[in-house]
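In what follows, a structure is listed as structure tokens, so that the remarks can point back to it.
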Amino acid sequence: MEEIAKDSTDQIQSESDTLLVLDKKTQTIEMVKGVDQDGNLKKIHPDQKKENELLIHVDKHGDLFSNFFSNFYRQLKNPSRFNFFKVSEYEAINTAKDLQQYVDQASPEEKEKLKEYEIQPKNINPLKNQNTMENNTENQEYRFQPEQIDWKTMEKFGLNQEKLEKMNAMDSLLRGFKTNNLIPITINLGTAVSKMDVRLSLQAGDTGQVAVHLHGIRREPNLNLKFLGHEFTDEDKKNLMENGNMGRVVELVNPKTDEIIPSVISRDRLTNELVAYRAEYMKIPDEIKGVKLDDHQKQTLLEGKPLYLEGMISKKGEPFDATVQFNADKRYVEFIFNNNQSHQQTQKQNQSDQPIQNKDSEAPKVFRDKELDDKQYEKFKAGETVYVDGLVDGKGKSYQGYITFNKETSKIDFSFTNPNKLKEKSQPSEDHKTQKAVNSDGKTNEATKKIKESLQSKQQQPANKQQEDQQKKQARSKGRRM
């Protein structure tokens with residue numbers, strides 16, 4: 001079912017709770033309305049709230065709220081300045097006034113007690129810069145852990161952790177994204193077996209259980225039907241089919257709550273699935289490949305429109321021009337090159353339209369805040385696989401793994417399992433090599449090396465009288481010569 005894309009935080013929101021904020025600089029309590037496009041907190045004093053003025057709505061369920069608030073906190077320009085409290089929406093005004101009175105009269109020691117009621121985000125490192133051109137998953141905290149995955153369900157699809165590691169799919173899954181590539185799966189229904197290619201994603205349910213979602217391939221999106229209340233125009237259909245992005249913000253309707261959600265729509269180019277993304281969560285970078293964006297250019301991208309930029313600099317230091325646009329499926333601003341452009345420009349796209357870990361082709365010496373020692377770094381920049389430990393995820397839990405620097409793409413491949421060991425396992429055994437020689441190459445073993453006829457599968461001795469007589473004849477001939 002096609003639905004609004006949920007960043008690990010973009011959940012259906014309840015209207016029963018809202019947020020109060022304490023500005024630690026001004027010591028004022030206000031009610032939260034949201035976050036503007038520049039990362040500034042939108043708030044209102046309780047005495048100034050109008051009757052129909054909307055406050056931010058948050059879901060009361062634990063996991064859903066935690067995910068929502070983590071995303072909300074991540075968007076703030078200076079989050080450490082504020083303390084947040086979750087309260088009933090219907091009591092927000094009175095609670096805000098009572099809390100302000102407490103703050104005005106409380107001693108420093110008494111104010112410290114407020115921390116017991118303060119809400120904190122999870123999986124957030126406020127020092128990390130999120131305002132980047134690419135959806136660089138290296139800068140994203142892990143949302144899930146491998147042990148949270150329903151491996152019994154994965155086994156029903158013919159998948160396990162080792163296979164997903166070999167396909168470099170685990171990292172994106174654990175960070176809450178779709179797999180970058182299509183994954184072949186097998187669904188065994190007992191009387192019928194179905195094989196297909198899908199993209200996988202993980203999503204947490206209301207109870208905190210992590211579910212596996214399959215994103216199957218469609219022949220084409222059905223643009224003649226309404227999508228979450230939106231009816232596509234001819235221009236919408238053309239844009240979605242030609243470059244994958246519809247090119248404007250439209251109001252979609254949440255089918256569960258009837259909430260009106262301004263969103264952008266894109267087409268998953270691997271599966272043809274339609275994906276929508278809330279406009280309020282769109283992040284536009286200040287600079288793209290050396291070109292600083294002005295307010296008008298940022299607004300163009302925030303409206304979902306394409307923007308043509310000149311004078312950008314590729315990773316190899318070469319200037320290039322291209323169109324950029326926000327993609328709802330990828331959740332970041334992407335490069336769009338016309339089919340009529342030269343092969344050289346297409347190559348520049350490949351150099352530019354990828355998540356990168358460093359701004360030049362040099363292998364970075366720091367991986368996820370862990371600095372490699374000199375010996376590790378020499379192997380790493382030479383393209384060898386290096387084991388690193390002491391990595392820390394968003395929950396403060398340590399983990400380790402193997403990294404390899406791809407010189408051609410300047411990307412870092414991460415794996416929990418040594419990829420060299422996996423390659424060794426995939427190499428054919430000596431028995432397998434012998435069997436191949438017997439079955440495919442027509443070779444024979446010592447017991448039948450004089451037989452002109454090739455052995456059959458797993459045959460170690462003459463299989464019939466003809467082969468046996470032929471072997472004895474060869475032996476007698478050899479004896480006479482001696």
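The values are calculated or read from the model by the stated rules, or taken from the named source; none is laboratory data. Just so you know, these numbers come straight off a predicted model, no measurement behind them. A quick note on method: Cβ atoms are made from the backbone with ideal geometry, for glycine too, and the neighbour counts reach across all protein chains shown.
Do we find that K152 is exposed (fewer than 15 other Cβ atoms within 10 Å of the Cβ), closer than 25 Å to L189 by Cα and of a type in the set (D, E, K, R) in this structure? Break it down into steps so the answer makes sense when it comes.
Working: exposed (fewer than 15 other Cβ atoms within 10 Å of the Cβ): yes; closer than 25 Å to L189 by Cα: yes; of a type in the set (D, E, K, R): yes.
So K152 passes the test.
Taking first residues from the range 270-288 that are closer than 14 Å to V35 by Cβ and partners that are of a type in the set (V, I, T) and not in a strand (DSSP E or B), the Cβ contacts under 9 Å between residues at least 6 apart in sequence or on separate chains come to A279/V249; Y281/T9; M282/V249; K283/T132.
Looking at the range 158-253, the strands (runs of 3 or more DSSP E) lying wholly inside it that each contain 3 or more residues that are exposed (fewer than 12 other Cβ atoms within 10 Å of the Cβ) sit at 193-204.
Exactly one residue out of P108, P126 is exposed (fewer than 15 other Cβ atoms within 10 Å of the Cβ), at pLDDT below 70 and either over 14 Å from V21 (Cβ atoms) or touching an Asp or Glu at 6+ places or on another chain (Cβ under 9 Å) (or both), and it is P126. Every residue in the range 148-175 that is farther than 17 Å from F416 by Cα and either of a type in the set (D, E) or touching a helix residue (DSSP H, G or I) at 6+ places or on another chain (Cβ under 9 Å) (or both), please. Listed by number, the residues that qualify are D150, M154, E155.
Residues in the range 302-327 that are in a loop (DSSP other than H, G, I, E, B) and either farther than 24 Å from D36 by Cβ or among the acidic types (D, E) (or both): E303, S314, K315, K316, G317, E318. Meeting the requirement of 1 or more residues that are surrounded by fewer than 11 Cβ atoms within 10 Å (Cβ to Cβ) and modelled with pLDDT of 80 or more, the strands (runs of 3 or more DSSP E) wholly within the range 360-457 are 386-392. Filtered by the rule that a residue be farther than 24 Å from R248 by Cα and polar (S, T, N, Q), the range 297-327 gives a lone residue, S314. Checking each residue in the range 256-284 for being of a type outside the set (D, E), surrounded by fewer than 19 Cβ atoms within 10 Å (Cβ to Cβ) and part of a loop (DSSP other than H, G, I, E, B) picks out K256, T257, R269, L270, N272, K283.
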